[in-house]
Amino acid sequence: MRYPWRHSRRNRCKLYGTLSLLSTQQADDYRPAAPLVHSATVRADLRRGHELGLVTLAAMLVFVVLFWRLGTPTFWDPDEAHYAETSREMLASGDWWAPHFNGQLFFDKPPLFHQLQAAAMMAFGPGEFAARIVPATAALGLILLTAWFGATLVSKHVGIVAGLMLAASPGVFALARYAILDTLFVMFTFGGAVLLAVAALRGPRRLQWLGYLLVALGVATKGPLAIVLCGLTLLIAIAASRDLRVRLLRLNWIAGLLVVLALSSPWFLYMYVRYEHAFVSSYFLDENVRLFAGSRFGNQPGPWFYFQILATGLLPWTGIVVGRLVDDVRAAIRRQPIDAVETVLWAWTAAVVGFFTLSSFKLDHYIFPAAPALCLLCARAWASIVDDPLAPRNAATRIGAHLVGPLLVLMGVGCGYFLIARLELPRAAIVVPIVITLCGAALTAFTNVRGRAGGRPPRIPWFALTALIVIYAGLIAFVLPALEQRKVVPDVARWVAGQARAADRIATFRLNRWTPAFRFYVDRPMEILDDASEAEAFFREPEPFYCAMRRAAYDEFVARGVPLTIVYHREGMWATSGRVLWRRRVRPEQFVIVSRAQ
């Protein structure tokens, strides 16, 4: 195509001189077209930069939360050491079906988690990294499943934001670095529920069979709870929505349940044949029925416990989730439609929160299965504000979004106060509250300025996610090493392991929550003594021994005439909580290793 302003001078004549001049002027008028091409290039560059920044943010978040210094801290909590020792004994004994702890049967949970943990120990050695790589990898799988569900049933944007929010959640940070089975259980069970929902709401329906497989793996990880949570979600969903009732009941639930039972029941049958009534009484009755309905443990929290945990665990997104709930309830009252995806997510959340609230025994991490659904709801709420920030349908959600920045500021100020006034941490840790506060202030200013003009918030909550990365990096870089300096039980146990001969007896007396950690690091069978008369009988037997206890207990035995002597001692923390870092903390405990006085 020829353009008039590109004509050469020799093709012009006097007759058309004026026309040529006009053509030249036209050329000048058309020259701004070049910046249009340039602007398209700029937009493409910005888009590529945005995508690169998003990938970088996601990679940093996943690395810091899941894998950075994963194997550095020694075991602290009794459950973590208990699970790791059980898996190591499974590997050492070759009995891959009946879990044991300290040589005794451990009927607490099915064996799948221990089998995977033992396999990791085969690959990496029986240490902290191998014990934690299974929950960390399962957490990564859960994040990807959550993102896939959001991208498949809602939008790619919602899937990405939901995955980032879940990766940045305190529950994922804590449980992915904690050598227990909860992230694996939630990955299988929520993953199975996700596949069933996609099969019913979008298809293809054959996805349901993979969903039933994952639910069966959930049963093999933590028992019938996987079936209970999925069943409760189904009942709530079909009761709440006629459309969902039609779609969900098209799936092959009876055949699917048979698949789940066929895949998960062999271990239960094997254990019943092998141990008969002992297995039924210990596993089914003690660890399931009585734990849920009985009163085996005192000082249990009240019915609002899990709501408090969720409010804290969703920070800084708590206001958005509450706002979304208010908007959905208000829409339901006005008989406005709530789509199937939203209803399914609320049904799953209600099933999890309701079931564990009714349980007589409560632990904070039991509520973790609700986290991915709540992050999906939060991501949908965030996307709805991005798409239409002034829509009346999102009024409460909009208020919650405006609270994210101020909540970060409060978190930064609170973190700074505890860092300076209450905690004994390195001075470099002050950078953490500074960054959190700055991110919160920037997000607050950005949201308010754009909100007043009717503008949209950023599609990706960069400021909040950056602040959360800094928080977790600070915990790993400053808090965990400070705690490690005060954990002496692993060192005490290693000293015993290096000194004791094969014929020497090993024991602990009333180490309570530290007993599993001592057992793991001493790496040999031992006696767990809790009664003073039982301990005295142990001390009077002729074989040599090493026994770990607190200095106060040693003084009591010596006062009663028991011939004991201290062969090793260390001073460290007794409590298994962060309060040991407080400047005005209780005095450290004296841990001693005693043997028979000569």
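The values are calculated or read from the model by the stated rules, or taken from the named source; none is laboratory data. These figures come from a predicted structure and were not determined experimentally. Positions of Cβ are generated from backbone atoms using ideal geometry, with glycine treated the same way; all protein chains shown enter the neighbour counts.
What is the residue count in the stretch 86-109 for residues that are part of a loop (DSSP other than H, G, I, E, B), within 19 Å of Glu527 (Cα to Cα) and in contact with a helix residue (DSSP H, G or I) (Cβ under 6 Å, 6 or more places away or on another chain)? Outline the logic, then answer.
Here is the first cut: in the stretch 86-109, the residues part of a loop (DSSP other than H, G, I, E, B) are 94-99, 102-103, 106-109.
Those still in the list that are within 19 Å of Glu527 (Cα to Cα) too: 99, 102-103, 106.
Okay, now just the ones that are also in contact with a helix residue (DSSP H, G or I) (Cβ under 6 Å, 6 or more places away or on another chain), so 99, 102, 106.
Number of matching residues: 3.
Residues in the stretch 248-285 that are outside any helix (DSSP H, G or I) and either outside the structural domain of Val344 (by TED's automatic domain parsing) or over 30 Å from Ala237 (Cα atoms) (or both): how many? Full working, then the answer.
Taking the stretch 248-285 as the starting set, the residues that turn out to be outside any helix (DSSP H, G or I) are 249-252, 276.
Among the residues that remain, those that are also either outside the structural domain of Val344 (by TED's automatic domain parsing) or over 30 Å from Ala237 (Cα atoms) (or both) are: 276.
Residues in the stretch 248-285 being outside any helix (DSSP H, G or I) and either outside the structural domain of Val344 (by TED's automatic domain parsing) or over 30 Å from Ala237 (Cα atoms) (or both): 1 in total.
Among the residues in the stretch 131-148, are any part of a loop (DSSP other than H, G, I, E, B) and basic (Lys, Arg)?
No, there is no match, as no residue in the stretch 131-148 is part of a loop (DSSP other than H, G, I, E, B) and basic (Lys, Arg).
Being over 43 Å from the mean Cα position of the chain (by Cα) and over 11 Å from Ala597 (Cβ atoms) is the filter here, so list the residues in the stretch 538-554 that pass it.
Arg540, Glu541, Pro542, Glu543, Pro544
Return the residue satisfying two criteria in turn: it lies in the stretch 266-303 and is of a type in the set (D, E, K, R) and modelled with pLDDT under 90, and of such residues it is surrounded by the fewest Cβ atoms within 10 Å (Cβ to Cβ).
In this case the residue turns out to be Arg296.
Limited to the stretch 84-141, what total is found for residues that are hydroxyl-bearing (Ser, Thr, Tyr) and either surrounded by fewer than 22 Cβ atoms within 10 Å (Cβ to Cβ) or not assigned by TED's automatic domain parsing to the domain that holds Ala216 (or both)?
2
How do the helices (runs of 4 or more DSSP H) wholly within the stretch 455-534 filter down when requiring 1 or more residues that are in contact (Cβ under 8 Å) with a residue 40 or more places away in the chain and surrounded by fewer than 15 Cβ atoms within 10 Å (Cβ to Cβ): which remain?
Hits in the stretch 455-534: 480-486, 489-499.
Out of all the residues in the stretch 286-294, is one or more touching a residue at least 12 places away in the same chain (Cβ under 8 Å), outside any helix (DSSP H, G or I) and under 21 Å from Pro170 (Cα atoms)?
No, the stretch 286-294 contains no residue that is touching a residue at least 12 places away in the same chain (Cβ under 8 Å), outside any helix (DSSP H, G or I) and under 21 Å from Pro170 (Cα atoms).
Working carefully through the options Leu269, Leu249, Leu244, find the one that is out of contact with any strand residue (DSSP E or B) (no Cβ under 6 Å at 6 or more places or on another chain) and touching a residue at least 40 places away in the same chain (Cβ under 8 Å).
Only one candidate qualifies: Leu244.
Taking the residues in the stretch 323-339 that are surrounded by fewer than 20 Cβ atoms within 10 Å (Cβ to Cβ) and in a helix (DSSP H, G or I) as candidates, determine which candidate is nearest to the chain's Cα centre (by Cα).
Out of the qualifying residues, it is Leu325.
Answer yes if at least one residue in the stretch 359-367 is assigned by TED's automatic domain parsing to the domain that holds Leu229, assigned to a loop (DSSP other than H, G, I, E, B), in contact with a Lys or Arg (Cβ under 9 Å, 6 or more places away or on another chain) and among the hydroxyl-bearing types (Ser, Thr, Tyr), and no otherwise.
yes
So that you can scan it fast, the table gives a plain yes or no per residue for (1) farther than 19 Å from Met411 by Cβ; (2) out of contact with any Lys or Arg (no Cβ under 7 Å at 6 or more places or on another chain); (3) modelled with pLDDT of 95 or more:
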residue	(1), (2), (3)
Val449	yes, yes, no
Ala467	no, yes, yes
Val492	yes, no, yes
Phe509	yes, yes, yes
Met526	yes, no, yes
Ala535	yes, yes, yes
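Which residues, taken from the stretch 390-401, are surrounded by fewer than 19 Cβ atoms within 10 Å (Cβ to Cβ) and either in contact (Cβ under 8 Å) with a residue 40 or more places away in the chain or assigned to a helix (DSSP H, G or I) (or both)?
Within the stretch 390-401, Leu390, Pro392, Arg393, Ala395, Ile399 qualify.
Does Arg513 satisfy the criteria of being in contact with a helix residue (DSSP H, G or I) (Cβ under 7 Å, 6 or more places away or on another chain) and closer than 18 Å to Tyr178 by Cα? Steps first, please.
Numbers: in contact with a helix residue (DSSP H, G or I) (Cβ under 7 Å, 6 or more places away or on another chain): yes; closer than 18 Å to Tyr178 by Cα: yes.
Against the criterion (in contact with a helix residue (DSSP H, G or I) (Cβ under 7 Å, 6 or more places away or on another chain) and closer than 18 Å to Tyr178 by Cα), Arg513 qualifies.
Tell me which residues, restricted to the stretch 159-194, are assigned to a helix (DSSP H, G or I), among the aliphatic types (A, V, I, L, M) and surrounded by fewer than 24 Cβ atoms within 10 Å (Cβ to Cβ).
Scanning the stretch 159-194 gives Ile160, Ala174.
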